[in-house]
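Read through the structure below, which is laid out as structure tokens, and then see the notes.
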Amino acid sequence: MKSKIEAILSIAVFSFCIYTQAAFAGGITKVGTSAATFLRIPVGARAIGMGSAFVSMVDDPTALYWNPSVISSVKSDALVVDHTLWLPGIYFDFVGMVIPLGDLGTMGLSTTIMHTNDMEVTTPDQPMGTGETFNASSFAIGISYSRSLTDRFSIGGTFKYIRETIYNEYADGLGFDVGTIFNTPFAGIRLGASISNFGTKMQMTGEDLNIPAVISNQQGTNQSITAKLNTDAFDLPLIMRFGISDDIVQTDDFRLTLAADGVSPNDNAQSVDLGGEVGLLKNKFQLRGGYKDLFLPNGEANYTFGFSLNRINVFGDVFVSVDYAYQNFVHLGNSNRFTLIIRF
């Protein structure tokens, strides 16, 4: 009982420390100053239902996004498929595969895709449209590796290629994620940390940035020169997360877990994510709720909830989990997320 009280106090103190850092950060948040912001979209309905307080709690293939060190705890081949209409006209998909390699560690592969519906091309002369269409898309392909260094501590990383396109323009870059997980000696208490999207800058280029230029000098005027518009280069959305979670109550038929994450991005203010989950019927059915971006000035996301049918045996050694989450936004409507996980 004493360790449970210590866990609750730790979560409260941790949340307060992050809040004070955010409150006195000087008011400079650098909002909108990073490229490839689709990399900030959370993956997995279970994580979203937990208010994204997941870096120390994840125990499934969505760890490829949240904390690559945790895939070392996945003991069988596992596939995750995550699809959602993220915002009106914007679709988001994540597909990941975890492959245990025995004593060699654990390997993972992942693909993240975001794309828009087709939009009409308009010009000042044809404001109603030219008859052409275009869209915008972003994707990242990652390869991950994790290894347990002790029975309580694991480390892992992900290397990924990132590309964004809009009409005839594109930008690409390379990124790296690293994470750790520590199962403390106190029963049920876990500490997790990750740094995501450390890598190169991204700069848009493409044929539509080529424009005709007229250069005049004493010898005359040359109208056949092509100039190129030079765009700025932007950093990837670097995100540092530190989390703590604890199984406050753990029996054969009932589990209560609380979690808190501190989040520090390079393109926004610091914030705290909070979540709780109840496992029933030997963890076959799960209910959860959370609050995302607590203490974030002008935050768009807030409360979340969700549920899961967990590890249902469909045949042989194949187990299926189906997760649902509801995310509320202040101005952008709501988002419903469904995630399928297959273990085999």
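The values are calculated or read from the model by the stated rules, or taken from the named source; none is laboratory data. Computed from a prediction, not measured in an experiment: that's the story for all the values here. All Cβ positions, glycine included, derive from the backbone under ideal geometry; neighbour counts span all protein chains shown.
Can you tell me which residue in the range 293-331 is surrounded by the fewest Cβ atoms within 10 Å (Cβ to Cβ), limited to those that are hydrophobic (A, V, I, L, M, F, W, C) and free of Cβ contacts under 8 Å to residues at least 12 places away in the same chain?
If we take residues in the range 293-331 being hydrophobic (A, V, I, L, M, F, W, C) and free of Cβ contacts under 8 Å to residues at least 12 places away in the same chain, then F315 is surrounded by the fewest Cβ atoms within 10 Å (Cβ to Cβ).
Does any residue of the range 249-256 turn out to be in a strand (DSSP E or B), in contact with a strand residue (DSSP E or B) (Cβ under 7 Å, 6 or more places away or on another chain) and surrounded by 18 or more Cβ atoms within 10 Å (Cβ to Cβ)?
Yes, because at least one residue in the range 249-256 is in a strand (DSSP E or B), in contact with a strand residue (DSSP E or B) (Cβ under 7 Å, 6 or more places away or on another chain) and surrounded by 18 or more Cβ atoms within 10 Å (Cβ to Cβ).
Results for (1) modelled with pLDDT under 85; (2) within 17 Å of the chain's Cα centre (by Cα); (3) not charged (D, E, K, R), shown as yes or no for each residue.
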position: D208; (1), (2), (3): yes, no, no
position: A213; (1), (2), (3): yes, no, yes
position: G243; (1), (2), (3): no, yes, yes
position: D252; (1), (2), (3): yes, no, no
position: A260; (1), (2), (3): no, yes, yes
position: V263; (1), (2), (3): no, yes, yes
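Quick one: R163 ticks every box in (1) closer than 26 Å to L101 by Cα; (2) at pLDDT 95 or above; (3) surrounded by fewer than 19 Cβ atoms within 10 Å (Cβ to Cβ) bar one, so which box is it?
(1)
Regarding G105, is this residue at positive phi and small (G, A, S)?
yes
With respect to R147, is the statement that it is touching a residue at least 24 places away in the same chain (Cβ under 8 Å), out of contact with any helix residue (DSSP H, G or I) (no Cβ under 9 Å at 6 or more places or on another chain) and more than 23 Å from Y324 (Cβ to Cβ) true?
Criteria not met by R147.
Among the candidates I341, I248, which residue alone is of a type in the set (A, V, I, L, M), in contact with a Ser or Thr (Cβ under 6 Å, 6 or more places away or on another chain), in contact (Cβ under 8 Å) with a residue 40 or more places away in the chain and more than 24 Å from G32 (Cα to Cα)?
Exactly one residue qualifies, and that residue is I341.
Could you figure out which of (1) modelled with pLDDT of 90 or more; (2) surrounded by fewer than 14 Cβ atoms within 10 Å (Cβ to Cβ) isn't true of L236?
(2)
At least 3 residues that are more than 15 Å from G44 (Cα to Cα) and in contact with a strand residue (DSSP E or B) (Cβ under 9 Å, 6 or more places away or on another chain) in each: list the strands (runs of 3 or more DSSP E) lying fully within the range 266-344 that qualify.
It comes to 271-280, 285-294, 301-315, 318-329.
Does the range 231-248 hold any residues that are in a strand (DSSP E or B) and either out of contact with any strand residue (DSSP E or B) (no Cβ under 6 Å at 6 or more places or on another chain) or of a type outside the set (F, W, Y) (or both), and which are they?
Within the range 231-248, A233, D235, I239, M240, R241, G243, I244, S245, D246, D247, I248 meet the criteria.
Taking F94 and the conditions (1) exposed (fewer than 12 other Cβ atoms within 10 Å of the Cβ); (2) among the hydrophobic types (A, V, I, L, M, F, W, C); (3) closer than 30 Å to Y326 by Cα, which numbered condition does it fall short on, given that it satisfies the others?
Unmet for F94, out of (1) exposed (fewer than 12 other Cβ atoms within 10 Å of the Cβ); (2) among the hydrophobic types (A, V, I, L, M, F, W, C); (3) closer than 30 Å to Y326 by Cα: (1).
Is the range 16-30 home to any residue that is within 16 Å of I181 (Cβ to Cβ), at pLDDT below 90 and among the hydrophobic types (A, V, I, L, M, F, W, C)?
Scanning the range 16-30, I find no residue that is within 16 Å of I181 (Cβ to Cβ), at pLDDT below 90 and among the hydrophobic types (A, V, I, L, M, F, W, C), so the answer is no.
Test I189 against the stated conditions and say whether it is more than 20 Å from the chain's Cα centre (by Cα), within 22 Å of I71 (Cα to Cα) and crowded, with 18+ Cβ neighbours inside 10 Å.
yes
Take the residues of the range 265-292 that are charged (D, E, K, R) and within 16 Å of the chain's Cα centre (by Cα): which is surrounded by the fewest Cβ atoms within 10 Å (Cβ to Cβ)?
Result: D267.
In this structure, is I155 modelled with pLDDT of 90 or more, exposed (fewer than 15 other Cβ atoms within 10 Å of the Cβ) and within 30 Å of T62 (Cβ to Cβ)?
no
Could you grab me the full set of residues in the range 150-184 that are among the aromatic types (F, W, Y) and within 14 Å of G199 (Cβ to Cβ)?
Matches in the range 150-184: F159, Y161, F176.
Applying the selection to the range 105-148, what residues are under 26 Å from the mean Cα position of the chain (by Cα), in a loop (DSSP other than H, G, I, E, B) and surrounded by fewer than 15 Cβ atoms within 10 Å (Cβ to Cβ)?
Scanning the range 105-148 gives N117, D118, N135.
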